[in-house]
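Following: one structure in structure tokens, then a few remarks.
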Amino acid sequence: MYLGSWLLQKGIKGKVFDSSAGFTLPNSAVRSPDFSWIRLEKWAALPGNDKEKFAHICPDFVIEVRSKSDSVKFLKNKMQEYVENGCELSWLIDRFNQKVYIYQPDLPVIEHHHFDFQLSGEPLFPGFEINLHEIENS
């Protein structure tokens with residue numbers, strides 16, 4: 001978990017979740033992203049009992065990694081849904097086609113058709129970069 005370690009090292013306060021966590025988005029959809037992060041102040045503002053179930057909150061950052069059983073179209077719609085419900089940055093990583101889709105509010109989706117580039121956490125995580133090609137081949 002490169003990003004989780006980086007966040008701790010930089011002192012960026014937030015809650016990191018894996019795919020076992022679920023959230024109820026403002027549109028009432030229940031989602032469990034592969035990786036998600038929520039600003040600490042946003043998480044702290046939730047009532048305690050809401051934190052123990054599918055919290056009524058949209059993560060600030062989401063990563064979904066496509067599995068063989070996932071359709072790209074379904075995942076793209078899911079990523080758009082996260083952004084429409086308040087997510088600031090989301091990455092869809094398609095390992096099978098070596099593609100990355102980057103979603104941000106009010107911006108067109110950015111598509112990379114290979115993994116050999118520096119995937120940036122900007123603007124949410126200034127200075128964070130990761131090369132998926134290096135991870136895939138390590």
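General observations
- Distance-filtered residues of the range 35-54 - backbone nitrogen under 16 Å, label point 7 angstrom along LYS13 Cα→Cβ: 38-46
- Considering only LEU8, PHE23, PHE61, the residue lying farthest towards the positive end of the dipole of the chain is PHE23, judged by Cα position with unit charges set on Cβ.
- Summing +1 for each Lys or Arg and -1 for each Asp or Glu among the other residues whose beta-carbon sits under 15 angstrom from that of LEU124 gives -1.
- Taking all Cα pairs closer than 8 Å and separated by 6 or more residues, the relative contact order of the chain comes to 15 percent.
- Neighbourhood net charge (14 Å Cβ-Cβ; Lys/Arg +1, Asp/Glu -1) for ILE110: -2
- Cβ-placed point charges (K, R +1; D, E -1), dipole of the chain about Cα centre in debye, nearest 20: 340 debye
- Among the lysines of the chain, pairs at least eight places apart or on separate chains and with Cα atoms under 20 Å apart come to 14.
- Estimated distance in nm for a label pair at LYS51 and LYS68, the labels positioned 7 Å out from Cα along Cα-to-Cβ: 3.9 nm
- Three-way shape label, the range 2-136, alpha-carbon gyration tensor, a/c 1.5: oblate
- The string of couplings for the range 109-124 from the Karplus curve (6.51, -1.76, 1.60, θ = phi - 60°) is 5, 9, 10, 10, 9, 6, 9, 8, 7, 8, 7, 9, x, 4, x, 6 Hz, one whole number per residue in order, with x for Gly and Pro.
- Per-pair calculated FRET efficiency, R0 = 30 Å: GLU122 and LYS76 via Cβ, rounded to 0.05: 0.90
- Mean Cα-pair separation over length for the range 2-79, i.e. relative contact order, pairs under 8 Å, 6 or more apart, %: 29 percent
Rule-based calculations on the coordinates, nothing more; no lab input. Note that the coordinates shown come from a computational prediction; the quantities given were computed from them, not determined experimentally. Cβ atoms come from the backbone with ideal geometry, glycine included; neighbour counts cover every protein chain shown.
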